[in-house]
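The values are calculated or read from the model by the stated rules, or taken from the named source; none is laboratory data. No experiment lies behind these values; they were computed from the predicted model shown. Neighbour counts are summed over all protein chains in view; Cβ atoms, including those assigned to glycine, are modelled from backbone coordinates with ideal geometry. Heads up: the accessible areas ignore ligands, DNA and RNA and are worked out on the full protein's heavy atoms, side chains in. Shrake-Rupley method; radii C 1.70, N 1.55, O 1.52, S 1.80 Å.
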Amino acid sequence: MENIKEVYNFYEIQYNENNRFSPNPLEFIRSKDIIKRYLEKPHLAIADIAGAAGPYSYWLAEQGHEVHLLDLSDKHIALAKDYGLRCGIELSSLTCGDARQLPYEDNKFDIALNMGALYHLQNDSDRMKCITECYRVLKPGGRAIIAYTSRFASLVDGYKYRFVDDPEFQKILATDLKTGKHNNPQNIPSYFTTAFYHTPDLIVNELQRGNFQNIKLLAVEGFASIIDTDNLMKDDDKKEFLLKHIKLTEEAPELLGISTHIIATCTKKLS
C-alpha cells in the first residue's frame, strides 16, 4: 500500500478540516445538492468513507439515515464524536480506518459516499483497491457517490490566487498537468498535500475497471471555479442565480475539466 503519512500529518497537524467550507460554502452546497438527488427512500444505510469530521454524515443522519463514518485521521473522528455529543445526533458507527480496506461486510450499504480518498491516492493500484472496496460493501443496485479533484485544479487555482508567481509552485503545476501526481515538497499549507488529480476520462476508466455501471460525471463548482465567488455567495439572490447556472451546466463535458471538483455517481450491478 502507498505510504500516506504526509496526508495523515497534513490533516492531523497542519489543516483544520472543520473550517474548510466556512469561507465559501459553494462546494458543500453543491455536493449536498447532488447527494440529495439519490436519497429517494427513508432510512438508507450509508457509508461515509473518508468523511473527515462528518459534515455529510451528520447532515444525512439528521434526515433519519443510518450513517457509518470512517476516516483515516484520529483527529477527525474525535471531532466528529464531539460534534455528535454537542448536537445530540448519533451516527451508527464512527471508525478510524483506511478506505482501501473497509471494516464492513459485503452488500451492506444502499449508498457509499467517498468524498476524499480518491484524490489522495497517487498509485493506480491503491485507487482501484478503494473503488473495489466501495463496490464490495454496496448492496446490488447500490450507488457510489465519489468526489474527485480535477487534473486542472492547480492550473485554475494557480492563476486565480497568484500561486504561479512562485517558482516552486510552477514546478508543482508542471508535474500536476503531466502526471496528476500533486506533491508539496516545501510543505506550504496553501499548496495542499499529497494528492492525485483526475481527468474526466480517467475517472470513467477506473470506475469501469471496478465494474461500476451507469456512470455519470457532474461538475461541483463548474465554471465558478475560475471566478471569485466570495461576494456572490454572501448575497442570497446572486447566490441562487449562480447555483442555477452551475446546475444547468453541470453535465457539459466541455466544462468538466475546469471545475475544481467533480462528482461521479455510479451503481453496482444487480447480479
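For this structure, a couple of remarks:
- Count of region 167-204 residues, restricted to those that are free of Cβ contacts under 8 Å to residues at least 60 places away in the same chain, more than 21 Å from GLY222 (Cβ to Cβ), of a type outside the set (Asp, Glu) and assigned to a helix (DSSP H, G or I), is 12.
- Matching residues in region 30-48 - criterion: being assigned to a helix (DSSP H, G or I) and open to solvent by less than 10 Å² (accessible area, probe 1.4 Å): ARG30, SER31, ILE34, ILE35
- A count restricted to region 61-109 and to residues that are under 26 Å from LEU270 (Cβ atoms) and without any contact (Cβ under 8 Å) to a residue 24 or more places away in the chain stands at 1.
- SER225 vs. criteria outside any loop (DSSP other than H, G, I, E, B) and at pLDDT below 95: no
- Flag if THR175 is at pLDDT 95 or above and either touching a Phe, Trp or Tyr at 6+ places or on another chain (Cβ under 6 Å) or among the hydroxyl-bearing types (Ser, Thr, Tyr) (or both): yes
- When region 68-91 is filtered for residues that are touching a strand residue (DSSP E or B) at 6+ places or on another chain (Cβ under 8 Å) and surrounded by fewer than 18 Cβ atoms within 10 Å (Cβ to Cβ), the ones remaining, listed by number, are ASP74, LYS81.
- Screening LEU94 against (1) of a type outside the set (Gly, Ala, Ser); (2) in contact with a Lys or Arg (Cβ under 8 Å, 6 or more places away or on another chain); (3) open to solvent by less than 40 Å² (accessible area, probe 1.4 Å) leaves a single unmet condition, (3).
- For GLU27: the one exception among (1) open to solvent by less than 70 Å² (accessible area, probe 1.4 Å); (2) in contact with a helix residue (DSSP H, G or I) (Cβ under 9 Å, 6 or more places away or on another chain): (2)
- Qualifying residues in region 212-241 (those that are aliphatic (A, V, I, L, M) and under 17 Å from PHE152 (Cα atoms)) - the one most open to solvent (accessible area, probe 1.4 Å): ILE226
For (1) farther than 30 Å from ILE46 by Cβ; (2) of a type outside the set (Gly, Ala, Ser); (3) open to solvent by 10 Å² or more (accessible area, probe 1.4 Å), each residue gets a yes or a no:
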| residue | (1), (2), (3) |
| --- | --- |
| GLY141 | no, no, yes |
| ILE145 | no, yes, no |
| TYR148 | no, yes, no |
| PHE152 | yes, yes, yes |
| PHE163 | yes, yes, yes |
| PHE169 | yes, yes, no |
| LEU173 | yes, yes, yes |
| ASP176 | yes, yes, no |
